[in-house]
Structures are given as structure tokens and as C-alpha cells.
Amino acid sequence: MDIKAGFFYLFSAVLLFASFRVITARNPVYAALYLVLAFFQAAAVWLLLKAEFLAISLVLVYVGAVMVLFLFVVMMLDVDVDALRAGFWKHFPIAALVGVVIALEMAAVLIGGFTPPAEPTAGPAAAQAAQAGASAVLQVSNTKELGKLLYTQYLFPLEVAAVLLLVAIVAAIALTLRHRKDSKAIDPSLQVRVKARDRLQIVKMPPVLAAVPAAPEAPAAEGAKA
């Protein structure tokens, strides 16, 4: 076993452990942190497969944006973890059964892609040409080739996706900034134009008179008793 295979098994083992802890951790913050660890291990596996663009995209998009936002939301919301996980172990056997079935189905579908094709017998000249072509393919950067495809052959779908994302951003901002009666937003222009006399108002009030002490009450009960 070479060092590349060793790293693959190491990253895969940590990925499986982190994925299992995502669904078994009682604290949602810990579950999110284990999910971040799983994303990093998946990115490392993609690096071993020479998919650098997918690896850096996974780290930048999911770890750098989505999971940070998820952590902020989880920490801001006071989630009752015990109430959410009250019936977890009750439904765990059927959930595990469904997970095993899905894993077996995916393995049955994808197992054909891992079987190496039969190598045709060829002469030494053909073998040398195939080896030269393989070395030339290995030297090509997949990120560079993906960029060429995006900005040449798939330029129009890329522009359509960019316009859709821009419309979604504008729509989200427009929905957030609507004027509602229960909103407590303050207009910044009014804050800028405010003056000192508008903030502080001096009111003249008459002086407060000292309170007159009350006369002591006669002990009526003691006089009636005497």
C-alpha cells in the first residue's frame, strides 16, 4: 500500500466517524462542527482524486459560508435539544434499516464504475503512445479545463444562472426592506438631520415643597382601657 492509499483510508475513516457524529451528537453546535470536519475530509479525498476545483469549492462554499451561517443561527436560537431528540432512539432501528438499504442500492448502481476495463493487447509502439498520452492527460489541470468549458461552451447557461442568482438576491433584499407596521427600523437620513435641541428639551417645573410631617396619633386603645 502506497502513501496515497494510506491517506485515502485515513481521510475516509475520519469522514465516516464525523458523519456518524453529525447524526448522534446531542448538541447541535457539536453536530455542525463535526459536519465541518466531514466537509474537510471530503475535500481532502477530492484532492487525492485530482479534483482540486471541487475540493476548494466545497471548503469555500459550504465550510466558509453555509456552515458559518448555520452555526450563527443555531447559537442565536435557543433550541430545546432534549425535546427534539426525545424519539431519536425509538425510531433509530427503522432509520438504520432504510440507510443500509439506500447504501446497498447506491453500491449496486456505482459498483460498475470501479471495475477496471479490460486492457487490450497491443504492441510496444502502441503501449508507448498510450503511456505518453496518459502522461499528457495527467499534466492538464482540471480547473483550467473547467474554466475553459464554462466560459466558452457553457457561457450562456452560466450567464443565465448568474442572472437568476442576481434576481434572487434583489428579491430577498426587497422582501426584507418592506415597510411594516411592527418594524422598528430607523431611517438613517432622519438620524443625520437631527439637531441637539431635538434630542434634549428643558422643561421648567415649580420647586418641590417639603412634605409636612404627620401628627402622631393618640393611643386610643390605651385610653379606653384605663
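Taken together, the values in this text are just the output of simple stated rules run on the coordinates, not laboratory data. These numbers come from a predicted model, not from an experiment. For neighbour counting, all protein chains shown are included, and Cβ atoms are generated from backbone atoms with ideal geometry for every residue, glycine included.
Below is a table of values for the structure above.
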{"quantity": "Reachable lysines, given that their alpha-carbon falls under 26 Å from the alpha-carbon of Lys144 and they are not under 8 places away in the same chain", "calculated": "Lys4, Lys50"}
{"quantity": "Reachable lysines, given that their alpha-carbon falls under 28 Å from the alpha-carbon of Lys184 and they are not under 8 places away in the same chain", "calculated": "Lys195"}
{"quantity": "Inverse mean reciprocal Cα-Cα distance (Kirkwood Rh) of segment 1-80, Å", "calculated": "13.4"}
{"quantity": "Residue exposure sequence - Ser57, Ser189 - by fewest surrounding Cβ within 10 Å", "calculated": "Ser189, Ser57"}
{"quantity": "Phi-based couplings in Hz for segment 161-175 (Karplus 6.51, -1.76, 1.60; Gly and Pro marked x)", "calculated": "5, 5, 5, 5, 5, 5, 5, 5, 5, 5, 5, 5, 5, 5, 5"}
